[in-house]
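Here is the structure we will look at, set down as structure tokens.
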Amino acid sequence: MGQKQQPSADPRPDTKKKRRVAFSQIDTGIPAKDCIKIYLVSTKEEVGSTDSLCIDPVDLNSFFEDEDGKIYGYQGLKITVWFSIVSFHAYAGIVFESTSDGGKGITDLKSALQNIFAETLVDNKDDFLQTFSKDANFIGSLVADGEVLHPKASSNWQFNEAKFHFQAANSDLEVIRLPMDKMAGRNLYSRLVPLALLLIDGSSPIDVTDPRWELYVLSQKNNGQTHPRLLGFAALYRFYHYPDSSRLRLSQILILPPYQSKGFGRFLLEVLNNVAISENVYDFTIEEPISKLQQLRTCIDVKRLQGFSPIEEAFSSAVAQFKLGKLSKKISIPPLLPSPEAIEAVRKSLKITKEQFSHCWEILIYLGIEHDKHMEDFILAVSSRMRDDLIGETTDAEGKQVVDVPTDYDQEMSFVMFRSTNNATGVEMDESRANQEEQLKKLVDDRVKEIKLIAQKVSSDQIRSISKPS
């Protein structure tokens with residue numbers, strides 16, 4: 001019987017080594033917002049001090065080429081940008097430990113920063129420091145060529161001196177208009193572009209070659225101060241309105257961070273309202289205002305509408321509806337909307353659009369009713385109005401719908417109208433009736449909260465103005 005063969009032992013040691021595969025570290029990048037700090041400075045002594053005002057840009061990542069807004073190829077990267085609010089120049093200090101291509105390349109930092117700061121970016125720090133003295137009167141030299149618009153002219157407005165770092169009585173405010181068909185306006189706006197890009201949500205530079213753009217600058221010259229300082233600015237576009245008028249649209253408005261929450265934005269808005277009225281434009285609009293700006297605008301407009309005689313009869317009639325009894329017991333709830341005659345009177349005299357007037361109207365009504373007696377009915381009336389606006393009387397009703405179309409002409413003059421058999425309002429709502437009601441309730445609750453907030457601001461401002469000594 002044969003035996004099972006045993007494997008013979010190999011007297012030689014196993015000298016064969018396993019191969020090891022090494023992978024280079026993948027560069028995940030650094031979000032721009034995590035390695036860049038931007039400081040606003042007004043003196044050369046503030047440059048280099050972390051006690052200076054550090055701003056929080058709305059969207060710093062979007063200025064970098066990569067879709068994720070990251071910087072690649074750097075280890076230990078820190079970028080500190082100093083932006084002068086005297087000469088409106090910028091200087092960037094860049095520090096890093098090393099660079100390496102981890103598969104995404106190495107970000108060109110200078111090119112990326114120029115996407116934000118453009119011609120304001122100064123390469124040499126010493127040159128930047130010299131701008132504080134060399135361009136000390138940069139603002140004064142440019143606004144000297146502009147048109148001063150009603151300095152300190154504000155019909156219903158008082159400074160809130162408690163929030164000022166200086167006494168309003170010792171300040172000198174001016175709003176200067178600089179049209180874009182003159183070099184002064186173009187030169188100044190080119191220095192302001194970085195602030196607009198960094199601090200105004202969704203902004204892009206205006207076309208300074210279009211003479212229909214106008215720049216409005218808010219400046220201040222304190223007693224004992226040689227040169228005026230720029231507090232803020234606004235860019236407006238003047239549209240043609242058939243047949244012989246124009247429409248003003250506010251596209252950009254910014255009060256510089258050191259001067260915010262002190263009443264300057266309100267002052268600037270009221271002067272712009274005065275411009276619209278004095279030049280008898282068709283109306284004055286704001287392009288996609290953020291919530292805070294819309295609240296401020298509404299507070300101003302509500303105060304302008306209070307005591308405006310052409311709407312007193314319509315206002316009294318609307319308030320009187322609440323004294324007639326419970327609205328919930330009525331078959332149909334009377335609308336709180338102002339009459340067409342009141343809407344037209346407001347547009348002609350105050351240049352407030354129909355949409356904005358309707359937004360203010362409910363706040364006026366709220367200020368005129370007795371809250372302890374009529375609040376339930378007021379909320380019911382607001383709900384009824386919003387139901388008609390968003391859902392409609394019947395969701396299956398056939399109606400017409402208007403949609404904007406892309407055009408190189410005036411966007412407001414270009415649209416297509418078509419007949420829709422579903423959702424005639426053009427507002428997307430949940431198909432379930434119960435869910436629609438739940439959505440509507442939330443919208444009504446939010447709207448009532450907004451009404452109360454603005455009414456409180458308007459009322460407290462009235463009390464402050466009355467109690468303020470002359």
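The values are calculated or read from the model by the stated rules, or taken from the named source; none is laboratory data. A quick note: this is a predicted structure, and the numbers were derived from the prediction, not measured. Cβ coordinates were reconstructed from backbone atoms using ideal geometry, including for glycine residues, and neighbour counts include every protein chain displayed. The accessibility values were calculated without ligands, DNA or RNA, using every heavy atom of the protein model including side chains. Shrake-Rupley method; radii C 1.70, N 1.55, O 1.52, S 1.80 Å.
The C-beta contact set for region 107-134 (first residue among the β-branched types (Val, Ile, Thr), second residue part of a helix (DSSP H, G or I) and surrounded by fewer than 19 Cβ atoms within 10 Å (Cβ to Cβ), distance under 7 angstrom, 6+ apart or interchain) comprises 116/63. Of all residues in region 256-278, those satisfying the criterion of being in contact (Cβ under 8 Å) with a residue 12 or more places away in the chain, open to solvent by 20 Å² or more (accessible area, probe 1.4 Å) and not in a helix (DSSP H, G or I) are 261, 263. Out of 288, 312, 344, one residue alone is surrounded by fewer than 21 Cβ atoms within 10 Å (Cβ to Cβ), charged (D, E, K, R) and outside any helix (DSSP H, G or I). It is 288. Against the definition (in contact with a helix residue (DSSP H, G or I) (Cβ under 8 Å, 6 or more places away or on another chain), aliphatic (A, V, I, L, M), in contact (Cβ under 8 Å) with a residue 60 or more places away in the chain and part of a helix (DSSP H, G or I)), how does residue 380 come out, yes or no? Considered against the rule, which asks whether it is in contact with a helix residue (DSSP H, G or I) (Cβ under 8 Å, 6 or more places away or on another chain), aliphatic (A, V, I, L, M), in contact (Cβ under 8 Å) with a residue 60 or more places away in the chain and part of a helix (DSSP H, G or I), residue 380 comes out as no. Which of the residues belonging to region 75-95 are in a loop (DSSP other than H, G, I, E, B) and touching an Asp or Glu at 6+ places or on another chain (Cβ under 9 Å)? Once the filter is applied, which keeps residues that are in a loop (DSSP other than H, G, I, E, B) and touching an Asp or Glu at 6+ places or on another chain (Cβ under 9 Å), region 75-95 yields 76, 77, 86, 87, 88, 89.
The residues in region 347-369 that are open to solvent by 70 Å² or more (accessible area, probe 1.4 Å) and either touching a Gly at 6+ places or on another chain (Cβ under 6 Å) or touching a residue at least 12 places away in the same chain (Cβ under 8 Å) (or both) can be counted, and the count is 0.
The set of residues from region 60-76 being of a type in the set (D, E, K, R) and modelled with pLDDT of 85 or more comprises just one member, 70. Scanning region 182-214 for residues that are out of contact with any helix residue (DSSP H, G or I) (no Cβ under 6 Å at 6 or more places or on another chain) and in a loop (DSSP other than H, G, I, E, B) gives 182, 200, 201, 202, 204, 206, 207, 209, 210, 211, 212. In region 435-470, the residue that is modelled with the lowest pLDDT out of those that are among the small types (Gly, Ala, Ser) and in a helix (DSSP H, G or I) is 467. Please work out if residue 207 is under 20 Å from residue 58 (Cβ atoms) and open to solvent by 70 Å² or more (accessible area, probe 1.4 Å). Against the criterion (under 20 Å from residue 58 (Cβ atoms) and open to solvent by 70 Å² or more (accessible area, probe 1.4 Å)), residue 207 does not qualify. When region 47-74 is filtered for residues that are touching a residue at least 12 places away in the same chain (Cβ under 8 Å), assigned to a helix (DSSP H, G or I) and not hydrophobic (A, V, I, L, M, F, W, C), only 61 remains.
Residues are listed down the side, and each one gets a yes or a no for (1) exposed (fewer than 13 other Cβ atoms within 10 Å of the Cβ); (2) modelled with pLDDT under 95; (3) hydrophobic (A, V, I, L, M, F, W, C); (4) out of contact with any helix residue (DSSP H, G or I) (no Cβ under 9 Å at 6 or more places or on another chain):
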{"site": "101", "(1), (2), (3), (4)": "yes, yes, no, yes"}
{"site": "140", "(1), (2), (3), (4)": "no, yes, no, yes"}
{"site": "143", "(1), (2), (3), (4)": "no, yes, yes, no"}
{"site": "148", "(1), (2), (3), (4)": "yes, yes, yes, yes"}
{"site": "152", "(1), (2), (3), (4)": "no, yes, no, no"}
{"site": "155", "(1), (2), (3), (4)": "yes, yes, no, no"}
{"site": "174", "(1), (2), (3), (4)": "no, yes, no, no"}
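With the structure loaded, tell me whether residue 249 is at pLDDT 95 or above and open to solvent by 20 Å² or more (accessible area, probe 1.4 Å) or whether it fails that test. Yes; evaluated as a whole, the condition is true for this residue. Conditions first: (1) free of Cβ contacts under 8 Å to residues at least 12 places away in the same chain; (2) open to solvent by less than 20 Å² (accessible area, probe 1.4 Å). Residue 244 passes all but one, so which condition is the exception? Unmet for residue 244, out of (1) free of Cβ contacts under 8 Å to residues at least 12 places away in the same chain; (2) open to solvent by less than 20 Å² (accessible area, probe 1.4 Å): (2).
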